[in-house]
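Inspection log for the structure reproduced underneath, given as structure tokens.
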Amino acid sequence: MSAAPGGAGAGAAVELTERWLMNTYRRAPVEFVRGEGTRLWDAGGREYLDFLAGISVCSLGHGHPAVQGAIERQSRELMHVSNLFHSLPGAELGRRLCESSLGGRAFLCNSGTEANECAIKLVRKHAHRRGVERPRIVVLEGAFHGRTMGALSATPKLSDDPAFGPYLEGFDAVPRDDPGALADAVGADTAAVMLEPIQGESGVHVISPAVIEAAAEACGKVGAVLVFDEIQCGMGRTGSLWAYQQLGVTPGVLTTAKALGGGLPAGACVAAPPFSEVLEPGDHGSTFAGGLLAAAVAVAVLETIGDPALLAAVTARGERLRAGLESLAGVESVRGRGLMVGAALADGLDAPAVAARLLELGLIVNAPDSSTLRLLPPLTVSGDEVDSACALIAEAIA
Ligand SMILES: *Cc1c(COP(=O)(O)O)cnc(C)c1O
């Protein structure tokens with residue numbers, strides 16, 4: 001652990017990125033070239049502990065044999081035929097997604113935002129069938145649902161930016177911690193309440209049982225659909241395969257992506273009966289969706305993450321991580337569930353600066369706001385790695 005970021009670790013990618021890619025990301029000046037488990041190596045050969053896992057994408061760590069094996073096998077057999085024909089990996093993925101969650105049916109896609117676009121179309125069509133002329137969708141402040149125009153319109157803070165308007169109409173944002181306001185916002189023209197059971201991008205905020213129950217009850221009253229965006233908090237992240245399984249409330253529609261593809265682009269919108277029958281031939285589609293390669297990998301990932309022993313380890317490692325963080329001077333409180341963890345730093349500590357210092361020390365985390373560190377390690381992280389990460393955070397804070 002010698003060269004500082006921006007030194008040898010930056011490699012050739014920095015200059016090329018700055019010249020040829022649209023300037024839409026604020027990237028750290030590090031180029032990663034190799035990974036194994038929780039570890040990454042940069043272009044200068046420096047080793048890092050990865051407690052971000054590609055923003056909860058590489059949930060089996062880097063180079064997991066189940067993922068590598070599925071890619072090797074399927075890429076030799078067949079990669080893509082289009083949705084004009086049948087193929088087994090996508091069909092099998094649909095079965096596993098539905099059997100492990102809501103029953104019903106799945107629409108396969110390639111990303112989180114696409115999974116939410118499918119959900120938005122589905123609930124709007126369902127509302128029209130109920131006789132609602134101009135369906136509305138209730139969302140929570142602090143939500144993040146994606147970057148395409150529909151999902152973006154469902155994302156309150158981003159859809160404030162006039163640069164990309166006009167946005168899709170029909171979204172009502174309510175505070176994320178006020179069950180009464182949520183219930184009041186749901187009316188006869190509500191198509192859905194859409195929420196992340198644990199908000200990720202806004203800094204790991206667990207939505208309270210009272211708000212979740214208010215959403216379910218309000219939807220039930222008017223015939224609206226409860227949609228859970230589990231793109232970040234699902235796929236084992238919180239210690240159960242799906243986050244809702246710890247909540248005592250089952251949604252009508254669930255969206256997933258991020259970890260599903262094991263690093264390949266994959267997403268899905270799963271709908272319980274009768275919502276599973278709303279979309280019909282011609283209603284929706286995507287060229288790449290359910291392609292054989294990504295679907296074969298997703299099947300392997302689902303099977304591996306669904307292992308009760310792995311999920312129990314997520315809970316245990318999550319408790320260890322929380323306890324470790326809570327014991328640190330400079331950490332005010334710890335939010336989250338399982339291995340989806342937000343550490344609120346004490347006043348006077350700047351989270352982006354701490355995250356930058358941690359990168360220099362060889363720990364990858366993210367600062368979603370000025371006072372929070374977000375930790376999303378691979379679900380396969382070891383207890384020793386958790387302890388090392390906590391020690392590095394203590395050092396960075398000091
Ligand atoms: C990442 C994320 C999305 C968007 O997923 P993309 O694959 O980037 O389109 C949507 N919702 C939540 C909760 C997310 O964390």
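What follows draws every value from the coordinates through simple rules; no lab data is involved. If you're wondering where the values come from, they're calculated on a predicted model, not measured in any experiment. Glycine gets a Cβ as well: all are built from the backbone with ideal geometry, and neighbour counts include every protein chain shown.
Per-structure values
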item	result
Shape metrics for the chain, restricted to C-alpha atoms - Rg then Dmax, Å	21.0, 65
Whether the range 269-317 is rounded, prolate or oblate, judged on the alpha carbon gyration tensor where a/c under 1.5 counts as rounded	oblate
Computed over the chain: relative contact order in percent, which uses C-alpha pairs under 8 Å that are six or more apart	21 percent
Rel. contact order, % - alpha carbon contacts under 8 angstrom, at least six apart, the range 269-372	15 percent
Counting DSSP beta bridges with both ends in the chain, the antiparallel % (nearest 5)	65 percent
Calculated from backbone phi, Karplus (6.51, -1.76, 1.60) coupling profile of the range 30-45 in Hz, x at Gly/Pro	10, 10, 8, 10, 7, x, 7, x, 8, 9, 10, 10, 8, 5, x, x
Under-5 Å amide H pairs with residue 172, H placed in peptide plane, nonlocal only	137, 138, 139
Proximal lysines relative to residue 221, as straight alpha-carbon distance under 19 Å, when same-chain residues fewer than 8 apart are discounted	125
Relative exposure of 80, 205, judged by other C-beta atoms within 10 Å (fewest first)	80, 205
Mean separation of Cα contacts under 8 Å (6+ apart) over length of the range 1-136, as relative contact order %	13 percent
Selected from 158, 100, 200, residue furthest toward positive end of dipole (the range 48-201; charges at beta carbon)	100
Full-stretch length increase - residue 128, residue 188 - with 0.36 nm per residue and alpha-carbon distance subtracted	20.4 nm
Cysteines without a disulfide-compatible neighbour (Cβ-Cβ under 4.7 Å), the chain	58, 98, 109, 219, 233, 390
Estimated dipole of the chain in Debye, rounded to 20 [Cβ of Lys and Arg +1, of Asp and Glu -1, Cα centre]	720 debye
For the range 108-132 versus the range 306-359, the gap between their alpha-carbon centres in whole angstrom	34 Å
Neighbour net charge for residue 181 - beta-carbon separation under 13 angstrom, K R +1, D E -1	-4
Added length on full extension, which subtracts the Cα-Cα distance from 0.36 nm per residue, residue 329 to residue 245	26.9 nm
Degrees between helix 383-397 axis and first principal axis of the chain (Cα, 0 to 90, nearest 10)	70 degrees
Overall form of the range 213-323 per C-alpha gyration tensor (a/c, 1.5; a/b vs b/c)	oblate
Stokes-Einstein D for the range 306-398, Kirkwood Rh over Cα pairs, 37 °C, 0.692 mPa s (µm²/s)	251 µm²/s
Neighbour-count ranking [beta-carbon atoms within 10 angstrom, fewest first] of 125, 258, 157	157, 125, 258
Stretchable slack from residue 361 to residue 312, in nm (0.36 nm times residue separation minus alpha-carbon distance)	14.7 nm
Proximal aspartates and glutamates relative to residue 157, as straight alpha-carbon distance under 16 Å, when same-chain residues fewer than 8 apart are discounted	141, 169, 172, 196, 201, 369
